[in-house]
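What follows draws every value from the coordinates through simple rules; no lab data is involved. Only a predicted model underlies this, so the values are computations on that prediction, with no experimental measurement involved.
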């Protein structure tokens, strides 16, 4: 059988997760020399409070929250604790964050600004940026999907 996929990544515990299309995710794991495949179907509708939150990039920030992942876009409801940071980094994804609650100081390239509720930031692909969380913050985060690249395995150090 032939499958095409948009994303594959290795999670803790050696499990591969493959998104074959918009509505199904396949969990592939090797246990005791046997290959196991489990299909998880998704409907096109989501409720943030019923979704499992995840740390977005634990080695770069304390951001966590649930995400809806499509073939070409990822939208997440992200929570940042006050007093934390997102270290300087860049990635191949274009990114938009809309602040719903709280405040943070953003640096995108050489530009800096403190943002609060109702404000947004556009971060171009491959542009270095960082964030200092001034108050507990909640944002809607949108990124385009970049084939072959996963934030879960990113290493941004120079």
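Quick notes on this structure:
- Segment 88-132-segment 60-85 distance, computed between alpha-carbon centres (Å): 13 Å
- Estimated translational D of segment 48-153 in µm²/s (Stokes, Kirkwood radius over Cα pairs; 10 °C; 1.306 mPa s): 115 µm²/s
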